[in-house]
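Asks: Here's a structure for you.
The values are calculated or read from the model by the stated rules, or taken from the named source; none is laboratory data. These numbers were taken from a predicted model, which means no experiment stands behind them. When the accessible area is computed, the model is the full protein with side chains, heavy atoms only, and any ligands, DNA or RNA have been set aside. Shrake-Rupley method; radii C 1.70, N 1.55, O 1.52, S 1.80 Å.
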Amino acid sequence: MQATEAIRISFTNQKGGVGKTTTTVNLGTALALVGKKVLIVDADPQGNASTGFGIGRARRAVSIHDVLSQTSGVEEAILPTGIENLDIITATVDLSSIDVDLIHEKDRFSRLRTALSSSSMPKYDYILIDCPPSLNLLTIAALTASDFVLVPLQCEFFALEGLSQLLESIKQIRAASNRDLKLLGVVLTMFDTRNRLSDQVAMDVRENLGSLVLDTIIPRNVRLSEAPSHGVPGVLYDPRSVGSIAYRKLAAEVLRKTSAVRAEGVS
Ligand code: ADP
Ligand code: MG
């Protein structure tokens, strides 16, 4: 990891609906708001991150599928979101067949990494990759291309279930293709202050994972869930909402943590 290169973070959890996309979109926006140049890579065939910025199918003529299948260069796939400092590479449903499309390609796991490192890439401070809810090619490619992985964990009864498998997969990626991959942490999402189960889950998770759990907790907040249908990230849709405030706090924590690790790596 060189000081001039973008810090790349994958948002991963093989469970669906835990807040991966909401965290990618809002953390990315919060980082852009403090002046960081950010690229979001939508690596989920559902394309929810793309939709979350109000980018309809018609504007996704060149998407991450084209980058991975090398039918276009990475720079052609980058779209402005309309938010200052914030760009996106979109995803479309055709991405769901990428495992098969690239089955004969030996470099399929490293293609994203190669693309994001190409000399035609504009300069970014952060590249955030929104992963699908599975440990398939797209997630492996994302983890291979990343410096850090951030795991959103929903405050629900079975929160920890499946986490050991995910941590094991991260270990395997480290051994096989990316020894620099670090776990940035686990972020608790959809914390419900009116529900004692949330408190219990948060305590259990901290007991099990200790300092791997980030200090910032994302509350359940209806403004965050309303925002995507307006094509605006929650952070901007209602800047004063508790959800928006939490994501801006998370951005400050991520900035602190990632720059501390980078400074260590450089010295
Ligand atoms: P994933 O990407 O892991 O599948 P999403 O980010 O799409 O998860 O979140 C799943 C659903 O929960 C979405 O409808 C989203 O709007 C909603 N959601 C996510 N985080 C919150 C939150 N903190 N408060 C309320 N709703 C949320
Ligand atoms: Mg998602």
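Asks: Report, by chain and number, residues whose modeled amide H sits under 5 Å from the one on LYS182, excluding near sequence neighbours (fewer than 5 apart, same chain).
Replies: Amide H neighbours of LYS182: PHE148, VAL149.
Asks: Here's another thing I want to ask about it. Please state the shape class of the stretch 205-267: rounded when a/c is under 1.5, otherwise prolate if a/b exceeds b/c and oblate if not, all from the C-alpha gyration tensor.
Replies: Here the stretch 205-267 falls in the oblate category.
Asks: While we're here: In whole Hz, what ³J(HN,Hα) sequence does the stretch 189-200 give by Karplus (6.51, -1.76, 1.60; θ = phi - 60°), x for Gly and Pro?
Replies: Computed from phi, the couplings for the stretch 189-200 are 10, 6, 6, 9, 5, 8, 10, 5, 4, 4, 4, 4 Hz.
Asks: Which ³J(HN,Hα) values in Hz, rounded to whole numbers, follow from the phi angles of the stretch 99-104 under the Karplus curve 6.51 cos²θ - 1.76 cosθ + 1.60, where θ = phi - 60° and Gly and Pro get x?
Replies: Result, rounded to whole Hz: 4, 6, 4, 9, 4, 8.
Asks: Where the centroid of each part is defined by its Cα atoms, how far is the stretch 1-67 from the stretch 183-239 in Å?
Replies: The stretch 1-67 and the stretch 183-239 have Cα centres spaced 18 Å from each other.
Asks: Here is a follow-up. Suppose a student asked you for the relative contact order of the chain, using Cα pairs under 8 Å spaced at least 6 residues apart; what percent would you report?
Replies: Relative contact order of the chain: 26 percent.
Asks: In whole Å, what three semi-axes, largest first, describe the equivalent ellipsoid of the stretch 118-206 built from its Cα gyration tensor (square root of 5 times each eigenvalue)?
Replies: So the three semi-axes of the stretch 118-206 are 29, 16, 11 Å.
Asks: Quick one, what does Rg over Rh come out to for the stretch 156-267 if you take C-alpha atoms and the Kirkwood Rh?
Replies: Rg/Rh for the stretch 156-267 comes to 1.02.
Asks: Cut-off under 26 Å on the C-alpha distance; same-chain residues fewer than 8 positions from LYS257 excluded. Which lysines are left, in chain and number order?
Replies: Within reach: LYS15, LYS20, LYS36, LYS37, LYS123, LYS171, LYS182, LYS249.
Asks: Taking θ = phi - 60°, what integer Hz values does the Karplus form 6.51 cos²θ - 1.76 cosθ + 1.60 yield along the stretch 237-254, in sequence order, with x for Gly and Pro?
Replies: Coupling constants for the stretch 237-254: 4, 9, x, 8, 5, 5, x, 5, 4, 5, 5, 6, 5, 4, 4, 5, 5, 5 Hz.
Asks: Now a separate question. Which of the aspartates and glutamates could a cross-linker bridge to LYS106, judged by Cα under 18 Å and excluding same-chain residues fewer than eight apart?
Replies: ASP66
Asks: Follow-up question, since we're still on this one. If amide hydrogens are placed 1.01 Å from N in the peptide plane, which non-local residues have theirs closer than 5 Å to the one on ILE88?
Replies: ILE40, LEU79, THR81
Asks: Tally the DSSP beta bridges in the chain and give the antiparallel ones as a percent, rounded to 5.
Replies: About 10 percent, rounded to the nearest 5.
Asks: Also: Can you give the calculated 222 nm mean residue ellipticity of the chain, where each DSSP H run of n ≥ 4 adds -39,500 (n - 2.57) and the sum is split over every residue, rounded to the nearest 500 deg cm²/dmol?
Replies: Mean residue ellipticity at 222 nm (helix-derived): -11500 deg cm²/dmol.
Asks: Counting heavy atoms of the protein chains only and a 1.4 Å probe, report the per residue accessible area for the chain as a whole number of Å².
Replies: Normalised by residue count, the accessible surface of the chain is 45 Å².
Asks: Principal axes first, then extents: for the Cα atoms of the chain, list largest minus smallest coordinate on each axis, whole Å, largest first.
Replies: 51, 40, 40
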